[in-house]
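J.: Pasting a structure here, questions to come.
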Amino acid sequence: MIVGICTIGLRLAENHDLKGKRQVLKSVKDRVRNRFNVSIAEVDDLDAWQRSTLGVACVSKDRDQVESTLAHVATFVEGLHLASVESVHTEIL
């Protein structure tokens, strides 16, 4: 079993409160879950209204599939243009 973990650092520059942040993140998380069938959650910067860190987890028996899925998730989040992607870190266990 191969487990892949990806952390995606986001900047929500046009956001001005936590309510707006939650709306953007809900949209991002729902779209990612529906498209890629991965687990995703906000894991850091919970009280900062212009920053967020999302954690994405993927499990498979094939390492290449895990790496590909996590790379596609990061590209997809960036392509949504709802927030600026500041950092992407992927770890395979």
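Laboratory data are not the source of any read-out in this text; all were calculated from the coordinates shown. Every value quoted in this text rests on a predicted model; they were computed, and no experiment measured them. All Cβ positions, even for glycine, are placed from backbone atoms using ideal geometry, and neighbour counts span all protein chains on display.
J.: Which three extents, in angstrom, do the Cα atoms of the chain have along their principal axes, listed largest first?
T.: 42, 21, 17
J.: Given Cα pairs under 8 Å that are at least 6 residues apart, what percent is the relative contact order of the chain?
T.: Value for the chain: 49 percent.
J.: Mind checking the angle between helix 63-80 and the chain's longest principal axis? C-alpha axes, 0 to 90 degrees, to the nearest 10.
T.: 20 degrees
J.: Report the gain in length on full extension from Leu93 to Val43: 0.36 nm times residue separation, minus Cα-Cα distance, nm rounded to one decimal.
T.: 16.1 nm
J.: Between Asp17 and Asp64, what's the calculated FRET efficiency when r is the beta-carbon distance and R0 is 35 Å? Round to 0.05.
T.: Between Asp17 and Asp64 the formula returns 0.25.
J.: What is the extension gain from Ser84 to Phe36, computed as 0.36 nm multiplied by their sequence separation minus the C-alpha to C-alpha distance, in nm to one decimal?
T.: Fully extending the segment from Ser84 to Phe36 adds 15.3 nm.
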